[in-house]
Amino acid sequence: MLKYIIKKLILMIPVLIGMTIVIFLILHLAPGDPVHLLVGPNVTPEAYEKVSISLGLDKSSTSQYFTFMGNILRGDLGISILQKRPVSEIIMERLPITLELGIYALILSFVISIPLGIAAAVKRNTAIDYGAMTAALIGMSLPNFWFGLLLVYFFSYRLGWFPISGYGTWMHLVLPVIAMGLTDAAITARMARSSMLEVIRQDYIRTARAKGLKERVVINEHALRNALIPLITILGLRIGMIFSGSVIIETVFSIPGIGRTMVDAIFARDFPVIQGSLLVLGACVLIANLLADVLYAVVDPRIKY
């Protein structure tokens, strides 16, 4: 297992390098001039050139990329053009907020979706199955930002139960977590049902039932463990989608997480913050996939690395 983890960590290096190239190219090909953002459009050519040199924009793109990579290896993600602070400091402030929001949403999603998907599979073609899958279909059809706006309208504006926006107490997290968690739960519940249906049709499940084992034992001890393997794959993917979903949800609820920071940086053409945020989020997704690979072996001892 340790060799496998080390091998995966080594394989992440070219992926991260490719990620830095894509991020660098996208941002440098995007419209907008960070120099004008700093000094305004009516700047003199001398002042423009001075600021451009201070940012390293007078050099070739190749030289800028290698400078960018060198800084990353030293742990330096640059200085925010707008906030005049190290990007790493900004990310360290905002990333825990996004992780807190995402972890709570993921827990809510799995707590709802897995029992719902299992119940729908075990009680296939019954009212429970139809009700669960109809609810899941409705949940999948609702964009999380629209669902979030509905929650704000009813529970914050109309009823006044929760704050409309901001961050600071657990009350601020309730509506964003529900908006993210329930829409994710809808997708995961359908996948959990499919995975469980595939497992309970296997011969060894029929054998277990033929031996006279109780249905609870057959489901919990024989079927559920194998049905969890595809769900672990989903878990790795969902973690990545949590970060992308947090960009929208944090904007809707004005939560100062990494997603909201990235949106603000994009509108302001604050390239160092965009680069740093994308790189850190990409690394988080790679680590989440590594954890999913490790969990395969934990859930199913037949899997060897």
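The values are calculated or read from the model by the stated rules, or taken from the named source; none is laboratory data. The shown structure was predicted, so the numbers you read here are calculated from the model rather than taken from an experiment. We place every Cβ from the backbone using ideal geometry, glycine too, and count neighbours over all the protein chains shown. Please note that ligands, DNA and RNA were not included when accessible areas were found on the heavy atoms of the full protein model with its side chains. Shrake-Rupley method; radii C 1.70, N 1.55, O 1.52, S 1.80 Å.
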* In the Gaussian network model of the chain, springs joining C-alpha atoms below 10 Å, which of ARG85, ARG206, ARG94 carries the largest mean-square fluctuation? -> ARG206
* Asked: Which Cα, out of GLY168, THR207, GLN275, lies furthest along the positive dipole direction of the chain (beta carbon charges, K/R +1, D/E -1)?
  -> THR207
* To do: Report the charge-dipole magnitude of the range 119-249 in Debye, nearest 20, computed about the Cα centre from +1 at each Lys and Arg Cβ and -1 at each Asp and Glu Cβ.
  => 440
* Asked: What angle do you read, to the nearest 10 degrees and between 0 and 90, between the alpha-carbon axis of helix 271-299 and the longest principal axis of the chain?
  -> 20
* Working from Cα positions, state the angle (0 to 90°, nearest 10) between the long axis of helix 258-268 and the longest principal axis of the chain. => 40
* Give me the accessible area per residue for the chain, probe 1.4 Å, as a whole number in Å². => 55
* Using modelled backbone amide H atoms (1.01 Å from N, in-plane), which distant-in-sequence or interchain residues come within less than 5 Å of PHE253's amide H? -> none
* Structure fact -> To the nearest 20 debye, the range 32-139 has a Cα-centred charge dipole, built from +1 on Lys and Arg Cβ and -1 on Asp and Glu Cβ, of 360
* Asked: Once amide H atoms are placed 1.01 Å from N in the peptide plane, what residues at a sequence separation of 5 or more from SER165, or on another chain, have their amide H within under 5 Å of its amide H?
  -> none
* Asked: In what sequence, largest accessible area first, do MET171, MET191 appear using a 1.4 Å probe?
  -> MET191, MET171
* Asked: Got a number for carbon plus sulfur as a percent of the chain's accessible area, 1.4 Å probe?
  -> 68
* Structure fact -> Quick shape check on the range 51-119: root eigenvalues a ≥ b ≥ c of the Cα gyration tensor, a/c under 1.5 is rounded, otherwise prolate if a/b tops b/c, else oblate, and it reads prolate
* To do: Evaluate the Kirkwood expression for the hydrodynamic radius of the range 20-164, namely the inverse of the mean inverse distance over all pairs of different C-alpha atoms, and round to one decimal in Å.
  => 20.6
* **Heavy-atom accessible area order for LEU29, LEU95, LEU149, largest first, 1.4 Å probe** => LEU29, LEU149, LEU95
* To do: For the range 154-159, just list the computed ³J(HN,Hα) in residue order, Karplus coefficients 6.51, -1.76 and 1.60, θ = phi - 60°, integers in Hz, with x standing in for Gly and Pro.
  => 7, 8, 9, 6, 7, 9
* Structure fact -> In degrees, nearest 10, the alpha-carbon axis of helix 61-73 is tilted away from the dominant principal axis of the alpha carbons of the chain by 60
* To two decimal places, what compactness ratio does the range 102-146 give when its Cα radius of gyration is scaled by 2.2 N^0.38 Å? -> 1.26
* Structure fact -> Dividing the helical contributions, -39500 (n - 2.57) per DSSP H run of n ≥ 4, by the residues of the chain yields a 222 nm value, nearest 500 deg cm²/dmol, of -25000 deg cm²/dmol
* To do: Return one quarter of the surface area of the convex hull spanned by the alpha-carbon atoms of the range 155-194, equal to its mean projected area, in nm².
  => 3.4
* Could you compute the FRET efficiency for GLU221 and ILE107, with r as their C-beta to C-beta distance and R0 at 22 Å, rounded to 0.05? => 0.40
* **Projected label distance in nm at GLN202 and THR126, using a 7 Å step from Cα toward the beta-carbon** => 2.3
* **Net lengthening on full extension, LEU25/LYS214 (0.36 nm per residue, minus Cα-Cα)** => 62.1 nm
* To do: Taking only Cα atoms and a 10 Å spring cutoff, compute GNM fluctuations for the chain and point out the largest among LEU175, LEU27, LEU213.
  => LEU213
* Relative intensity, log₁₀ I(q)/I(0), of the chain from a Debye sum that treats every alpha carbon as a point, q = 0.09, 0.16 Å⁻¹ -> -0.60, -1.27
* Structure fact -> To the nearest 20 debye, the chain has a Cα-centred charge dipole, built from +1 on Lys and Arg Cβ and -1 on Asp and Glu Cβ, of 1380
* Structure fact -> D (µm²/s, integer) via Stokes-Einstein for the range 86-183, Kirkwood Rh across alpha-carbon pairs, 37 °C, 0.692 mPa s: value 216
* Asked: Can you tell which of VAL217, VAL199, VAL15 shows the greatest fluctuation in a Gaussian network model of the chain with Cα springs below 10 Å?
  -> VAL217
* Below 25 Å Cα-Cα, how many Lys pairs turn up in the chain? Only count pairs eight or more apart in sequence, or on different chains, if you could. => 8
* Net charge near THR134, counting Lys/Arg +1 and Asp/Glu -1 over other residues with Cβ under 15 Å of its Cβ? -> +3
* Asked: Convex hull over the Cα atoms of the range 166-226, averaged projected area in nm²?
  -> 5.7
